[in-house]
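The structure appears below as structure tokens.
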Amino acid sequence: MKKLISLLLVLAMALALVACGASEPAATEAPKADAPAAAPEAPAAEVTTYDVGVAIYQYNDNFMTLYRQEIEAYFKTLETDTVKYNVTMVDSKNDMAEQTNQIDTFITQGMDVIILNLVQTSSAEVLIDKVVAAGIPCILINREPLGDNGDESYPGIINNPTVCYVGADARQSGTMQGNLILALDNKGDLNGDGVVKYIMVIGDPENPDAQYRTEKSIQAMTDAGVAVECLVENVGNWDQTKGQEITAAALAQFGDEIEVVFCNNDGMALGAAASIEAAGRVVGEDIYLVGVDAIPEAIELIKNGAMTGTVLNDHIGQSHAAVDAAVAALNGEELQNYYWVDYVMVDAAYVAAN
Ligand code: BGC
């Protein structure tokens, strides 16, 4: 709970007050025993410490590692002499039962605000209900629970003024992945047969980010009149090793037929890049590879030509927006239902210019 601690801002100074410009007392003048020994005590300053609980779906995730580190760093920058944030961050280890226990513990501990990166959006309601019943504001991040129509009208968010979602619109990232391929002279059709053959490496299929990226990347291509054919669609759960395995298996099966590798995130694209290289294929020459996130390792690959492009999933913008929303809630301000941060298309030219 919020703690109010009284501190003395200024230590009493054991100096007698001497009027400005007053001359030294005469040597003969006896010191006054009852002269004031100290300046009047400064008013005590109050330090408010807010307890913040943060549950991250899984620490072992390239993107969420950058995101969670920035949450902690940004809270620090907002501290002042009188406001402190005591951040307790926990790893939910991709385990919904574990996360439920962690939220129960946060509630028992009396957190002032909770930032929640859900393990499963299907469990959003249960957790939101608990947090709301405890009177604690709840900032959902990264994994968006969708409304009944698959849109931004999740009842637990729109009906609770102390609950909000901070994220990026995954549809945008999917469309940008498609646009990265469309921007190529051959629009991805390396062998010129009129059909772009691709593989899709999917994140966590329960996560709207994965669903929308899978759908919208291809929709961008077909909307532009490009014919496509999916050779392999496989779940890599955002994981680098799985991305590597899926791509290696697909390359072994389909070889030169594969023209584009779409990965729902950069973590899996790093794995795909390793398999592409191991198979003796060359990105930009006989295959294309796109991801999402713009993590530093992917930027390096783009610089070296080993990835065609990615989409910046702005972890700095999102973590700051989440913390700002948490602080607004702590200050008793009204929250919006949703806070959106834009994605940005990242190709070799962007990397060279930034
Ligand atoms: C990121 C992935 C990450 C996932 C975690 C997505 O927005 O693109 O890299 O694994 O969030 O939920």
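A Cβ distance below 9 Å, combined with a sequence gap of six or more or placement on separate chains, defines the contacts here; from region 223-252, residues that are within 14 Å of Ala272 (Cβ to Cβ) reach residues that are among the small types (Gly, Ala, Ser) and open to solvent by 70 Å² or more (accessible area, probe 1.4 Å) in the pairs Gln244/Ala278; Ala248/Ala278; Leu251/Ala278. If you filter region 338-354 down to residues that are hydrophobic (A, V, I, L, M, F, W, C) and in a strand (DSSP E or B), you find that the one that is surrounded by the fewest Cβ atoms within 10 Å (Cβ to Cβ) is Trp340. Taking the conditions (1) more than 13 Å from Gly291 (Cβ to Cβ); (2) buried (at least 22 other Cβ atoms within 10 Å of the Cβ); (3) among the small types (Gly, Ala, Ser) in turn, Ala249 satisfies each one other than (2). The set of residues in region 177-230 that are buried (at least 21 other Cβ atoms within 10 Å of the Cβ) and among the acidic types (Asp, Glu) comprises Asp204, Asp209.
Within region 156-165, is there a residue that is over 30 Å from Asp256 (Cα atoms) and free of Cβ contacts under 8 Å to residues at least 12 places away in the same chain? For region 156-165, residues over 30 Å from Asp256 (Cα atoms) and free of Cβ contacts under 8 Å to residues at least 12 places away in the same chain: present. Is there a residue being within 20 Å of the chain's Cα centre (by Cα), surrounded by 24 or more Cβ atoms within 10 Å (Cβ to Cβ), within 16 Å of the ligand (Cβ to nearest atom) and at negative phi anywhere in region 252-263? Among the residues of region 252-263, at least one is within 20 Å of the chain's Cα centre (by Cα), surrounded by 24 or more Cβ atoms within 10 Å (Cβ to Cβ), within 16 Å of the ligand (Cβ to nearest atom) and at negative phi, which makes the answer yes. Could you check, for region 92-104, whether at least one of its residues is among the acidic types (Asp, Glu), at negative phi and over 21 Å from the mean Cα position of the chain (by Cα)? So far as region 92-104 goes, yes, one or more of its residues are among the acidic types (Asp, Glu), at negative phi and over 21 Å from the mean Cα position of the chain (by Cα). In this structure, Val235 does satisfy being within 15 Å of the ligand (Cβ to nearest atom), open to solvent by 50 Å² or more (accessible area, probe 1.4 Å) and either among the hydrophobic types (A, V, I, L, M, F, W, C) or closer than 16 Å to Ile181 by Cα (or both). Any residue at all in region 200-215 that is within 12 Å of the ligand (Cβ to nearest atom), among the hydroxyl-bearing types (Ser, Thr, Tyr) and within 21 Å of the chain's Cα centre (by Cα)? Among the residues of region 200-215, at least one is within 12 Å of the ligand (Cβ to nearest atom), among the hydroxyl-bearing types (Ser, Thr, Tyr) and within 21 Å of the chain's Cα centre (by Cα), which makes the answer yes. Screening the candidates Asp81, Asp95 for the property of being under 23 Å from Met268 (Cβ atoms) and out of contact with any helix residue (DSSP H, G or I) (no Cβ under 8 Å at 6 or more places or on another chain) yields one hit, Asp95. Scanning region 69-87 for residues that are assigned to a strand (DSSP E or B) and under 17 Å from the mean Cα position of the chain (by Cα) gives a single hit, Val87. Counting residues in region 182-195 that are closer than 18 Å to Asn94 by Cα and either within 13 Å of the ligand (Cβ to nearest atom) or in contact (Cβ under 8 Å) with a residue 24 or more places away in the chain (or both) gives zero.
Taking the conditions exactly as written (open to solvent by 10 Å² or more (accessible area, probe 1.4 Å), of a type in the set (A, V, I, L, M, F, W, C) and within 16 Å of the ligand (Cβ to nearest atom)), does Leu270 satisfy them or not? Answer is yes for this residue. When region 44-58 is filtered for residues that are assigned to a loop (DSSP other than H, G, I, E, B) and within 14 Å of the ligand (Cβ to nearest atom), the ones remaining, listed by number, are Tyr57, Gln58. Of Glu245, Glu277, Glu285, Glu229, all but one fail to be in contact with a strand residue (DSSP E or B) (Cβ under 6 Å, 6 or more places away or on another chain), away from the ligand (no atom under 16 Å from the Cβ), at pLDDT 95 or above and not hydrophobic (A, V, I, L, M, F, W, C); the exception is Glu229.
Pairs linking a residue in region 125-140 that is under 24 Å from Gln318 (Cβ atoms) to a residue that is polar (S, T, N, Q) and not in a helix (DSSP H, G or I), with Cβ atoms under 6 Å and 6 or more positions apart or on different chains, are Val132/Asn160; Pro137/Thr162. Restricted to region 220-326, the set of strands (runs of 3 or more DSSP E) holding at least 1 residues that are more than 19 Å from Asn186 (Cβ to Cβ) comprises 227-235, 260-263, 309-312. Out of (1) under 18 Å from the mean Cα position of the chain (by Cα); (2) loosely packed, with under 15 Cβ neighbours inside 10 Å; (3) under 11 Å from Asp51 (Cα atoms), what's the single condition that is false for Gly110? For Gly110, the failing item is (1).
The values are calculated or read from the model by the stated rules, or taken from the named source; none is laboratory data. From a predicted model like this one, the values you see are computed outputs, not experimental measurements. We place every Cβ from the backbone using ideal geometry, glycine too, and count neighbours over all the protein chains shown. With ligands, DNA and RNA removed, areas are computed over all heavy atoms of the protein, side chains included. Shrake-Rupley method; radii C 1.70, N 1.55, O 1.52, S 1.80 Å.
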